[in-house]
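Enquirer: Mind having a look at this structure? Questions to follow.
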Amino acid sequence: MLIRTPPPWQLRDRDTTPEAAWQNRRELMKALALLPIVAGCEKTVGGLAELQPVGPVPERFEWTLPPVTRDPAWSEVPAGRTLTHEINAASYNNFYEFTTEKDQVWRMAGSLKVRPWTVEVGGACLKPRTFDLEEILTTMPLEERIYRFRCVEAWSMVVPWTGLPLKALLAAVEPTGSAKYVRMVTLGDRKQFPGIAASGWYPWPYHEALTMQEAMNPLAMLAVGIYGHALPNQHGAPIRLVVPWKYGFKNIKSIVRIELTEEQPPTFWNKLVPDEYDFYGNVRPDVPHPRWSQAVERVIPTGERIPTLPWNGYGDQVASMYP
Ligand code: MTE
């Protein structure tokens, strides 16, 4: 018998909001501008998305970032775009280990304990070792970069990340010539992640991978911060991947293990729904998802619809990797 796995990125009514509803929402936003900081949270009302004011998103920063420089190459907001407000980025998240409800992740994320934290790096390398997060924060080159972020569900943001080039961490373990892929794994603790037990059919822990060439690309970042402070749990504290030319699902959160491999490792969503999510997950507006177009994206929180750029606008840096 063929059992169909529930589609992970199902577009629901609230993800396909008519323009008029967003216009109404803008009016509401204007009103909200007068209030103290509130979180933008979508509620489905008659199938339409409405922005609801909720309390301030609680801050749960267990790490203090050292002073970081802004990388001049990535310190500008991309032309024609606006930096996403921190509250919006922090209250609209995909982190299935907590819940599949994007607007609820931040409420539940307090159960994750991010200090102390270690990242084990091994496999095809000469100097496998375990890094304490403290060591990463104090010895690795940290910088801030503003990147576009595009989810496979066709929504997007523009976010300032603080982090280190992934290649800096890999260099420290001295990969061997046989290392062809980089596999990354999220913490799989059921006690800290209520969503793991609730979605027992998923192949936990969350795992992702890049080719070695992708991992060594200067754009690939291990983020430890966002908006100038340590990552809040809902964004994948204390350390997560940021690869802006790929769909969001490649950007694995709360990493505890990195492994250099000779063979292409299986990845979470590709394993679950191979005909919908390929290994690469590159942003390609010309290739529709089997159930929706990828040509246009919905900007969070305004709902403005804009064309999606090939490679999410990073073609100059990455297209040559894909002949
Ligand atoms: N990493 C883990 N461990 N679990 C997840 O559910 N979701 C992915 C990615 N990384 C996910 C994950 C998806 S689908 C997206 S769009 C981004 O995280 C969302 O990142 P953000 O919440 O920081 O915007």
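The values are calculated or read from the model by the stated rules, or taken from the named source; none is laboratory data. Bear in mind the structure is a predicted one, so any value in this text is a computation, not a measurement. Every residue, glycine as well, gets a Cβ built from its backbone with ideal geometry; the counts of neighbours run over all protein chains shown. Just so you know, the surface numbers come from the protein's heavy atoms only, side chains and all, with ligands and any DNA or RNA stripped out. Shrake-Rupley method; radii C 1.70, N 1.55, O 1.52, S 1.80 Å.
Enquirer: Residues in the stretch 193-250 that are among the aromatic types (Phe, Trp, Tyr), within 13 Å of the chain's Cα centre (by Cα) and within 12 Å of the ligand (Cβ to nearest atom): how many?
Expert: Counting residues in the stretch 193-250 that are among the aromatic types (Phe, Trp, Tyr), within 13 Å of the chain's Cα centre (by Cα) and within 12 Å of the ligand (Cβ to nearest atom) gives 3.
Enquirer: Evaluate the following for GLU276: is it open to solvent by 20 Å² or more (accessible area, probe 1.4 Å), within 13 Å of the ligand (Cβ to nearest atom) and out of contact with any Leu (no Cβ under 9 Å at 6 or more places or on another chain)? Quick ask: steps written out before the conclusion?
Expert: On the way: open to solvent by 20 Å² or more (accessible area, probe 1.4 Å): yes; within 13 Å of the ligand (Cβ to nearest atom): yes; out of contact with any Leu (no Cβ under 9 Å at 6 or more places or on another chain): yes.
Here the answer is yes, as GLU276 does meet what is asked.
Enquirer: A further question follows. Taking the stretch 295-323 only, how many residues are part of a loop (DSSP other than H, G, I, E, B), modelled with pLDDT of 95 or more and surrounded by 18 or more Cβ atoms within 10 Å (Cβ to Cβ)?
Expert: Qualifying residue count, the stretch 295-323: 2.
Enquirer: Output yes when any residue across the stretch 286-293 is within 17 Å of GLY248 (Cα to Cα), open to solvent by less than 50 Å² (accessible area, probe 1.4 Å) and touching a helix residue (DSSP H, G or I) at 6+ places or on another chain (Cβ under 8 Å), and no when none is.
Expert: Scanning the stretch 286-293 turns up no residue that is within 17 Å of GLY248 (Cα to Cα), open to solvent by less than 50 Å² (accessible area, probe 1.4 Å) and touching a helix residue (DSSP H, G or I) at 6+ places or on another chain (Cβ under 8 Å).
Enquirer: Every residue in the stretch 131-158 that is loosely packed, with under 15 Cβ neighbours inside 10 Å and either among the acidic types (Asp, Glu) or within 16 Å of the ligand (Cβ to nearest atom) (or both), please.
Expert: Filtering the stretch 131-158 down to residues loosely packed, with under 15 Cβ neighbours inside 10 Å leaves 132, 134-135, 138-139, 141.
Those that are loosely packed, with under 15 Cβ neighbours inside 10 Å and either among the acidic types (Asp, Glu) or within 16 Å of the ligand (Cβ to nearest atom) (or both): ASP132, GLU134, GLU135.
Enquirer: Whether any residue in the stretch 114-130 is aromatic (Phe, Trp, Tyr), at negative phi, surrounded by 16 or more Cβ atoms within 10 Å (Cβ to Cβ) and within 16 Å of the ligand (Cβ to nearest atom) is what I want to check.
Expert: The answer is yes, given that some residue of the stretch 114-130 is aromatic (Phe, Trp, Tyr), at negative phi, surrounded by 16 or more Cβ atoms within 10 Å (Cβ to Cβ) and within 16 Å of the ligand (Cβ to nearest atom).
Enquirer: Would you say TRP161 is surrounded by 22 or more Cβ atoms within 10 Å (Cβ to Cβ), at pLDDT 95 or above, in contact with an Asp or Glu (Cβ under 8 Å, 6 or more places away or on another chain) and at negative phi? Explain how you work it out, then say what you get.
Expert: Details: surrounded by 22 or more Cβ atoms within 10 Å (Cβ to Cβ): yes; at pLDDT 95 or above: yes; in contact with an Asp or Glu (Cβ under 8 Å, 6 or more places away or on another chain): yes; at negative phi: yes.
When the stated conditions are applied, TRP161 passes them.
Enquirer: Examine the stretch 75-82 for a residue that is at pLDDT 90 or above, within 15 Å of the ligand (Cβ to nearest atom), under 30 Å from ALA172 (Cβ atoms) and open to solvent by 20 Å² or more (accessible area, probe 1.4 Å), and state whether such a residue exists.
Expert: There is no residue in the stretch 75-82 that is at pLDDT 90 or above, within 15 Å of the ligand (Cβ to nearest atom), under 30 Å from ALA172 (Cβ atoms) and open to solvent by 20 Å² or more (accessible area, probe 1.4 Å).
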